[in-house]
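The values are calculated or read from the model by the stated rules, or taken from the named source; none is laboratory data. Nothing here was measured: the structure is a model prediction, and the numbers come from that model. As a convention, Cβ positions derive from the backbone with ideal geometry for all residues, glycine included, and neighbour counts pool all protein chains shown. Each accessible area value is taken on the protein alone, full model and side chains, heavy atoms only, with ligands, DNA and RNA left out. Shrake-Rupley method; radii C 1.70, N 1.55, O 1.52, S 1.80 Å.
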Amino acid sequence: MSMLEVRDLEVAFGPVAPLSGVSFSLAKGEKLGIVGESGSGKSLTAMSVMGLLPLSGGRITGGSIVFDGQELTTLAESAYRKLRGRRLGLITQNPMTSLDPLQKIGPQVDAVAVLHLSMNASEARTRTVEILGTLRIPEPALICDRYPHQMSGGMKQRIVIAMALAADPDVLVADEPTTALDVTVQAQIIRLLDDLVKERDLALVLITHDMSVVAQTCDKVVVMYAGRAIEYGPVEAIFDAPQHPYTQALINCIPKGLSTDEHLSGISGTVPTVSNYPKGCAFHPRCDRAKNICTSERPAFITYGNNAAACHFAGDDR
Ligand SMILES: Nc1ncnc2c1ncn2[C@@H]1O[C@H](COP(=O)(O)OP(=O)(O)OP(=O)(O)O)[C@@H](O)[C@H]1O
Ligand SMILES: [Mg+2]
C-alpha cells in the first residue's frame, strides 16, 4: 500500500501558479527521486507535502496529497503539527536552516523526542546518543555538548538527519540534502540515507539536481520542468527508455560528469521563469524535436511501457 500518494498537485502564490500536474506514489521502503533544474518546483512539492507552504504565502489550489490514507491538503494546521517532525521528516539543503547556532547539539536533537514521543530529558538523551551512533557520528555522547559551528558541514547534515529521524517518521523528505557538501561527503550521506531506508522501512523522497544520484539510489523518479512533472516511472524504465527529450538530455549528461545545470546551459535557450512559462509544452523552445503542436497544446501524459511522459511524441520511435 502506498504511504504517500500525490495526485495532480497545484500550488499558487496569489495569481501565480508555479506548480501544477505533479503526481507520484511512494510505498514504505521505496525511494523516489525528484529531479529537475533550479526553479522547476522541487522544493514547492516538498513544502506542499510537509504542509509548510503557508509560511511562504503559498497555497495548494488543486489535487491531493494522501499520507497513510489521510488527506493532507485539507488538514488543519494543528493536526499537521502532530505529523510534521513525527511521521513526516524533512531534511533541507542547508543544515543551518534546521539547526540553532546558539544551542548545543544534544538538546536540539533531544527536543524532537520530548515533543513528539513525550519522553523525559534523560530518555530523550539516551535516544539521541543512540541515533547519532546509528548515523556513524563518532563519540556521540561528546558531540551532544558541541555547538553546530564546531562541526564540519557533513557532520552538521548528519545532525539534521538525526533530528528528522528522532521521532521515527514513516516518510522522509530530503530536499537536496547534499548540495552544500563536497563530493566524497555527498556520497557518504547518500549511502547513509540508503541504509536508513532499508533499516527503518522508510519511504524516502530524495530531491536532487543530479540524475546520477537518482540512477544509483532511487526506485522511482519524477522529472520536473517549469513547475510540472514531465516524466514519471521506475528508474530502470526511465533510464532504459526515456521518452521526454528533457529527460533524455538529463541522462545524456551523466557520463560527462556534468551537473544538470551545467549541462543544460549547453542546450540552447534558457530556463523559463514562472512569469514566462511557454505555451504548449514548456520545453518546446529548447527541444530540437519540437513540432507545431508542441507550441500550442500542452501534452498530456502518455504511458509508454512502465513510464509515462508528457510529450506529444512519447512512445514514437526517435
Ligand atoms: N514564496 C514564493 N512566492 C512566489 N513564487 C515562488 C515562491 N517560492 C517559489 N516560487 C516560485 O516557484 C518556482 C519553483 O520554485 P522551487 O523552489 O520549488 O524550485 P526548485 O526546483 O526547488 O529549485 P532549486 O533547485 O533552485 O531549489 C520558482 O519559479 C519560484 O520562483
Ligand atoms: Mg529547491
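Number of residues in the range 168-181 that are modelled with pLDDT of 95 or more and either away from ligand 2 (no atom under 16 Å from the Cβ) or surrounded by fewer than 18 Cβ atoms within 10 Å (Cβ to Cβ) (or both): the value is 4. Which condition breaks for residue 33 when tested against (1) at pLDDT 95 or above; (2) assigned to a helix (DSSP H, G or I)? Condition (2) is where residue 33 drops out.
Search the range 9-26 for residues being hydrophobic (A, V, I, L, M, F, W, C) and open to solvent by less than 30 Å² (accessible area, probe 1.4 Å), and hand back the single one that is farthest from ligand 1 (Cβ to nearest atom). Across the range 9-26, the extreme among qualifying residues is 26.
Identify, please: which residue in the range 40-57 is among the small types (Gly, Ala, Ser) and more than 9 Å from ligand 2 (Cβ to nearest atom) and is, among those, farthest from residue 172 (Cα to Cα)? Spell out the reasoning first.
Initial filter on the range 40-57 (among the small types (Gly, Ala, Ser)): 40-41, 43, 46, 48, 51, 56-57.
When the remaining residues are screened for being more than 9 Å from ligand 2 (Cβ to nearest atom), the result is 48, 51, 56-57.
Working: 48: 14, 51: 14, 56: 21, 57: 23 Å.
Looking at the filtered set, the residue picked out is 57.
With the requirement that a residue be within 10 Å of the chain's Cα centre (by Cα) and either among the hydrophobic types (A, V, I, L, M, F, W, C) or outside the structural domain of residue 234 (by TED's automatic domain parsing) (or both), what does the range 27-45 give you? Listed by number, the residues that qualify are 32, 34, 35, 44. When restricted to residues that are open to solvent by 50 Å² or more (accessible area, probe 1.4 Å), of a type in the set (Ser, Thr, Tyr) and outside any helix (DSSP H, G or I), the range 39-72 contains 1.
Report the residue count in the range 259-270 for those that are open to solvent by 60 Å² or more (accessible area, probe 1.4 Å) and modelled with pLDDT of 55 or more.
Looking only at the range 259-270, we keep the residues that are open to solvent by 60 Å² or more (accessible area, probe 1.4 Å), and these are 261-262, 265-266, 268, 270.
Next cut, modelled with pLDDT of 55 or more only: 261-262, 268, 270.
Here the count works out to 4.
The set of residues in the range 131-167 that are in contact with a helix residue (DSSP H, G or I) (Cβ under 8 Å, 6 or more places away or on another chain), open to solvent by 50 Å² or more (accessible area, probe 1.4 Å) and at pLDDT 95 or above comprises 141, 145, 146, 147. Of the residues making up the range 5-13, not a single one is assigned to a loop (DSSP other than H, G, I, E, B) and assigned by TED's automatic domain parsing to the domain that holds residue 302. Under the condition of being modelled with pLDDT of 95 or more and over 11 Å from residue 243 (Cβ atoms), the residues counted in the range 299-308 number 0. Just one residue in the set 92, 97 is among the polar types (S, T, N, Q) and open to solvent by 80 Å² or more (accessible area, probe 1.4 Å); that residue is 97. Checked against the criterion of being hydroxyl-bearing (Ser, Thr, Tyr) and surrounded by fewer than 16 Cβ atoms within 10 Å (Cβ to Cβ), the candidates 217, 184, 208 yield just one match: 184.
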